[in-house]
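Worksheet: the structure to be examined is printed underneath.
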Amino acid sequence: IINEVDIETYLCYVVPSEMPESYGLEALKAQAVCARSYACRQISGNAYSEYGAHVDDTTNFQVYNNTETDELTRQAVKETEGQVLSYGGGLITAYYYATSSGYGNDMSVWGGNGGEAPYLRRIYMSEGEAPDLSSEAAFREYLGKSDSGNLEYGMPWYRWETTVTLERLTERMDSFLSGYAKTHSELVRFQAADGSFQAASGQTTVGAVRSVTVQARASSGMAELLLVEGTEGTVQIVRSGPIRAFLGDVDYIYTKQDGTTSDGRTILPSASFWLEELKDGENLTGYLLHGGGYGHGVGMSQTGASALA
């Protein structure tokens, strides 16, 4: 089914699908400009030409719930009518996400480098010099601090926790290897006999998972390399997306920093997390995941925009 609609009307439904009215007029205006820029970029890219369309209505592009809109959203769209973001004379890809951990990311999330899209930067959401959170110790200390100077300090998803057992991680790894790894083999590497890591080539298990370790982080603290050791092999998972895909689970229960809970999802809320060991005596049984933020962390943080508004 193809829905043909002019772009300003489209935005009146995209904006409330992506951001609640309660975030305030100025945040809604920023969201409208981002969404319009993103849509126009997709139109010029013509990715869905085979369907006679420009975008779909899901998070693959932008969520478009064809339901009731609201007055404040219509005002935000009207007051920014025709406004888009550009860089170097061309439309930018105006990414946005829900909540940061206090630190945004750049295009390295998807394997790029910071220089290819200079307008998408690792942004520190507080005053002062941005800390380097690439070490495990620095990141753990940062995530455990109560940084009341951070824009998103009071937002529910600013900090979160969930628990996972080794048994469940074993099930997740088997599913991950038989599904995700088949189409992303270059990002899932098995350890060879000589200790090197090579792209997955049909392996479907590492046996029972014995440990999970973050091996490398970006300066924002985002996990970039994850090592999973099993009784029958060891796997290295590269980049935040695959890491979130492996660790995500619809059966998890997340506890947000305001004490409310949320059901699990197919991917981890963010790649800004660390793993606290849970033991029964001397035996490792699982992990408590301490995390921060919700989303890929690239571009505009929506709750950050709300805080500024």
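Summary table
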{"quantity": "Length-normalised contact order for region 47-189 - Cα pairs under 8 Å, 6+ apart - percent", "calculated": "15"}
{"quantity": "Segment Y51-Q75, length gained on full extension (0.36 nm per residue, minus Cα span)", "calculated": "5.4 nm"}
{"quantity": "Accessible surface of region 1-50 [probe 1.4 Å, protein heavy atoms]: carbon and sulfur percent", "calculated": "48"}
{"quantity": "Distance between modelled label sites at I43 and D6, nm, 7 Å Cα→Cβ extension", "calculated": "1.1"}
{"quantity": "Region 182-250: equivalent-ellipsoid semi-axes (sqrt of 5 x gyration tensor eigenvalues, Cα, Å)", "calculated": "19, 13, 13"}
{"quantity": "Label-to-label distance, nm, for residues given as E141 and E26 (7 Å Cα→Cβ offset)", "calculated": "3.4"}
{"quantity": "Local net charge near A47, Cβ-Cβ under 15 Å (Lys/Arg +1, Asp/Glu -1)", "calculated": "-2"}
{"quantity": "On Cα atoms only, tilt of 166-178 relative to the major axis of the chain in degrees", "calculated": "70"}
{"quantity": "Sulfur and carbon atoms: percent of accessible area, region 82-213 [1.4 Å]", "calculated": "48"}
{"quantity": "Computed over region 70-222, Kirkwood Rh from alpha-carbon pairs, angstrom", "calculated": "19.5"}
{"quantity": "Cα pair count fraction exceeding 32 Å, expressed as % - the chain", "calculated": "33"}
{"quantity": "Rel. contact order, % - alpha carbon contacts under 8 angstrom, at least six apart, the chain", "calculated": "22"}
{"quantity": "Cα long-axis angle, helix 7-18 against the chain (0 to 90 degrees, to the nearest 10)", "calculated": "40"}
{"quantity": "Antiparallel %, DSSP beta bridges [both residues in the chain], to 5", "calculated": "95"}
{"quantity": "Intensity falloff of region 9-139 expressed as log10 I(q)/I(0), Debye formula with alpha-carbon point scatterers, at q = 0.09, 0.19 Å⁻¹", "calculated": "-0.32, -1.19"}
{"quantity": "Accessible area expressed per residue, the chain, with surrounding protein chains retained (probe 1.4 Å, Å²)", "calculated": "48"}
{"quantity": "Accessible surface of region 237-296, 1.4 Å probe, proportion on carbon and sulfur as whole %", "calculated": "46"}
{"quantity": "Principal axis box of region 154-270, alpha-carbon based, largest edge first, Å", "calculated": "48, 31, 24"}
{"quantity": "Which of I237, I253 is most accessible, then next, and so on - probe 1.4 Å", "calculated": "I253, I237"}
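The values are calculated or read from the model by the stated rules, or taken from the named source; none is laboratory data. Bear in mind that the values here come from a model prediction, so they are computed numbers and not experimental data. All Cβ positions, even for glycine, are placed from backbone atoms using ideal geometry, and neighbour counts span all protein chains on display. Accessible surface areas use protein heavy atoms only, side chains included; no ligands, DNA or RNA. Shrake-Rupley method; radii C 1.70, N 1.55, O 1.52, S 1.80 Å.
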